[in-house]
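Accompanying notes for the structure given below.
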Amino acid sequence: QVQLVESGGGLVQAGGSLRLSCAASGRTFSLNVMGWFRQAPGKEREFVAAIRWTGRTTIYADSVKGRFTNSKDNAKNTMYLEMNSLKPEDTAVYYCAEGAVMAGEESQYRYWGQGTQVTVSS
């Protein structure tokens, strides 16, 4: 079992920045791929970014490329999402998840955090 806890969400003005964290505990030796998803009100959850736990390979959704940076600190078992140039459409609950393969599909992820709210005002 892997437990994931997100933090760092909040209210920010458009154009501003936020940094989300995802702390992993439990069977952290089994971490493979860590990802970020988000769900806006009335919409389905969508893929944001993912990073391979061993190595540095990252993938991003087109909507956040160039604005968001996914990184990790293996020693702290923590993943980060640096979000810059935020837009009102980035408003959502952000979830981190752990999966077996590098993918953008929810079905590939096994463990999920509880989510953290990000609200971007115009």
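Taken together, the values in this text are just the output of simple stated rules run on the coordinates, not laboratory data. All of these numbers come straight from a predicted model, not from anything done at the bench. In this analysis, Cβ positions are derived from the backbone assuming ideal geometry, glycine residues included, and neighbour counts consider all displayed protein chains.
Please report, for the Cα atoms of the chain, the Rg to one decimal and the Dmax as a whole number; what are they, in angstrom?
13.3, 42
Give me the number: length gained by fully extending Met102 to Ser85, i.e. 0.36 nm times residue separation minus the C-alpha to C-alpha distance, one decimal in nm.
That pair, Met102 and Ser85, stretches by 3.5 nm at full extension.
Which lysines does Lys43 reach when only Cα atoms under 24 Å apart count, and residues fewer than 8 places away in its own chain are ignored?
Lys65, Lys87
Which of the trypsin sites (Lys or Arg not before Pro) found in segment 11-77 are loop residues per DSSP with 11 or fewer other Cβ atoms within 10 Å of their Cβ?
Qualifying residues, ordered by number: Lys43, Arg56, Lys65.
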